[in-house]
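Engineer: Following this message is one structure expressed as structure tokens.
Every number in this text was worked out from the coordinates using simple rules, so none of it is lab data. If you're wondering where the values come from, they're calculated on a predicted model, not measured in any experiment. Note: ideal-geometry Cβ built from the backbone for every residue, glycine included; neighbour counts use all protein chains shown.
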């Protein structure tokens, strides 16, 4: 496990503190201690009939999602981090922030501006600039969000409205993929190209354009 405090990998050893039962089910506090930073990690679990229903990180109050690459611009990273931070407490607020981030990305990076988010997603997919897997993932955001049933979602991407199960987390996953496509892979390819050109130049060979 990676410690949510210090991001150090460690072997996860847990201690369960039984809290008792209420009308929703059986509550347990799962406790572990990071050996690197010596801080507790606490998760609140709800189960019923032996099946885990929910798990919420209560300390530290942060996201369990991996950190963003440093190449992601702060304008996008800050909104994404906020969406990830509130995911467990409010999927509605998280989805609203993620949709806002997605719309900003489509407008500022892909250069597509339409009257609403649904049309912008359509235009992005139709542009055929994304790999198939990513195009399908972006399309799923629109389908899961069911913009046709909730037009206000498409008109105002930041509107806080009920979300479908898994919609908020899926939108964050899609943003991860888009960040990798727009901000990570181009830099990696440039670094590899520069390294190859250096080798070619040292051998008095023509470099790549």
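Engineer: Expected output is a single nm value to one decimal: the length gained when fully extending between residue 132 and residue 58, i.e. 0.36 nm times separation in residues minus the C-alpha distance. What is it? Please list the in-between numbers first.
Structural biologist: On the way: separation 74, 0.36 × 74 = 26.64 nm, distance 3.75 nm.
Between residue 132 and residue 58, full extension yields an extra 22.9 nm.
Engineer: Using Cβ counts within 10 Å as a stand-in for footprinting exposure, how do 78, 126 rank, fewest first?
Structural biologist: Values: 78 14, 126 10.
By the 10 Å Cβ count, ascending: 126, 78.
Engineer: Roughly what % antiparallel, to the nearest 5, for the DSSP beta bridges in the chain?
Structural biologist: Numbers: 22 of 22 bridges.
Of all bridge pairs located within the chain, approximately 100 percent are antiparallel.
Engineer: Still on this structure: Expressed as an acute angle from 0 to 90° and rounded to the nearest 10, what is the orientation of the C-alpha long axis of helix 74-85 relative to the principal long axis of the chain?
Structural biologist: Rounded to the nearest ten degrees, it is 20.
Engineer: When the helices in the chain are scored as -39500 (n - 2.57) per DSSP H run of 4 or longer and the sum is shared across all residues, what 222 nm value do you end up with, to the nearest 500 deg cm²/dmol? Walk me through the numbers on the way to the answer.
Structural biologist: Values: 7 runs with 90 residues, N = 209.
So the helix-based figure for the chain works out to -13500 deg cm²/dmol.
Engineer: Could you please rank 5, 11, placing first whichever residue has the fewest other Cβ atoms within 10 Å of its Cβ? Don't jump to the answer; show the numbers that get you there.
Structural biologist: Working: 5 16, 11 7.
Arranged by neighbour count, lowest to highest, 5, 11 become 11, 5.
Engineer: Between the helical axis of 91-108 and the dominant principal axis of the chain, each derived from Cα atoms, what acute angle in degrees is found, rounded to the nearest 10?
Structural biologist: Long axis of 91-108 versus the principal axis of the chain: about 10 degrees.
Engineer: Would you calculate the separation in nanometres between label points at residue 78 and residue 207, each defined as 7 Å from the Cα along the Cα-to-beta-carbon direction?
Structural biologist: 3.7 nm
Engineer: Enter the angle in degrees (range 0 to 90, nearest 10) between the Cα long axis of helix 132-145 and the first principal axis of the Cα atoms of the chain, meaning the one along which they spread out most.
Structural biologist: So the inclination is approximately 40 degrees.
Engineer: Can you put 40, 181, 76 in order of Cβ neighbours within 10 angstrom, beginning with the fewest? Could you put the intermediate results ahead of the total?
Structural biologist: Details: 40 12, 181 15, 76 21.
By the 10 Å Cβ count, ascending, the order reads 40, 181, 76.
Engineer: Let me ask another. Determine, for each peptide in 12-18, 111-117, the mean count of other beta carbons within 10 angstrom over its residues, then list the peptides with the highest first. Walk me through the numbers on the way to the answer.
Structural biologist: Numbers: 12-18: 10.6, 111-117: 15.4.
Packing proxy ranking, top to bottom: 111-117, 12-18.
Engineer: Let me ask something else. Ordered by packing density, taken as the mean number of other Cβ atoms within 10 Å over each peptide's residues, highest first, how do 100-107, 130-137 rank? All intermediate terms of the calculation are to be shown ahead of the outcome.
Structural biologist: On the way: 100-107: 20.6, 130-137: 14.1.
The packing order, highest mean first, is 100-107, 130-137.
Engineer: Restricting things to Cα coordinates, could you compute the convex hull volume per residue of the chain in Å³?
Structural biologist: Values: hull volume 36.0 nm³, N = 209.
Expressed per residue, the convex hull around the Cα atoms of the chain is 172 Å³.
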